[in-house]
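The values are calculated or read from the model by the stated rules, or taken from the named source; none is laboratory data. Since we're looking at a predicted model, the values are computed, not measured. Methodologically, a virtual Cβ is constructed for each residue, glycine included, from the backbone with ideal geometry; neighbour enumeration extends over all protein chains shown. Please note that ligands, DNA and RNA were not included when accessible areas were found on the heavy atoms of the full protein model with its side chains. Shrake-Rupley method; radii C 1.70, N 1.55, O 1.52, S 1.80 Å.
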Amino acid sequence: MTLRSPLRMIFRFTGALVLIFALFSTSSYAQEQQVIGRVVSATGSVIARDTAGTERELQRRSDIFAGDTVITGPNGLAQFRMVDSAQISFKSDTVFTFEEYNNDGPGGAPDSALMNMVQGGFRTISGTIGDDDADNYEISTQFASIGIRGTTHEAVIDGGALLTGVYDGGTTISNNQGALD
């Protein structure tokens, strides 16, 4: 037996250990990130910024995670399908954060979707979050918060104002001045 054989065995063993640690650290990292939706379509500039500030380009079939901020550029448009079957589309020049998005289905623990629109606009067909009375669905803006119950609606921040529309279902717009159904 030459000196090369034991060294080769040590290198193989060390390589196997490194591979095992890499696999376990990757799987635990993936478990920490909660997938809340997937990109159906994206055109132009569409990125997601995670809670650590890391940005990634979004394209068809990209995952969206709790805590992600979606940013569409001047030529960007995007559409997502969420885990509760909601559909949401973003217009250009939008900044929208999915702060929390928990869904275990109807009849389970209360579900929640807490989101924040800084600028731009969206249109959505809500999914199962909001179906149960105990569910919490809220989109915050600097002007007011939007809550829903089984709704197709949109909102746009334009010229220093929040504009909203409801196509089906209902919304409640509220701020420190009161609430409007």
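Observations on the structure shown:
- Boolean, residue 105 is within 22 Å of residue 151 (Cα to Cα) and not in a strand (DSSP E or B): yes
- Residue 60 vs. criteria at pLDDT 95 or above, in a loop (DSSP other than H, G, I, E, B) and among the charged types (D, E, K, R): yes
- Residues located in region 130-143, provided they are part of a loop (DSSP other than H, G, I, E, B), in contact with a Ser or Thr (Cβ under 9 Å, 6 or more places away or on another chain) and either open to solvent by 20 Å² or more (accessible area, probe 1.4 Å) or on the phi > 0 side of the Ramachandran plot (or both): 130
- Entry remark, region 38-66: residues being under 19 Å from residue 113 (Cα atoms) and of a type outside the set (Asp, Glu) number 8 in total.
- Odd one out for residue 41 among (1) open to solvent by 70 Å² or more (accessible area, probe 1.4 Å); (2) modelled with pLDDT of 95 or more; (3) not hydrophobic (A, V, I, L, M, F, W, C): (1)
- Unmet criterion (only one of (1) assigned to a strand (DSSP E or B); (2) open to solvent by 60 Å² or more (accessible area, probe 1.4 Å); (3) more than 22 Å from residue 79 (Cβ to Cβ); (4) touching a Leu at 6+ places or on another chain (Cβ under 8 Å)) for residue 149: (4)
- Answer from 68, 93 - the residue that is within 11 Å of the chain's Cα centre (by Cα) and modelled with pLDDT of 95 or more: 68
- Residue in region 112-129 that is surrounded by fewer than 18 Cβ atoms within 10 Å (Cβ to Cβ) and in a loop (DSSP other than H, G, I, E, B) present: no
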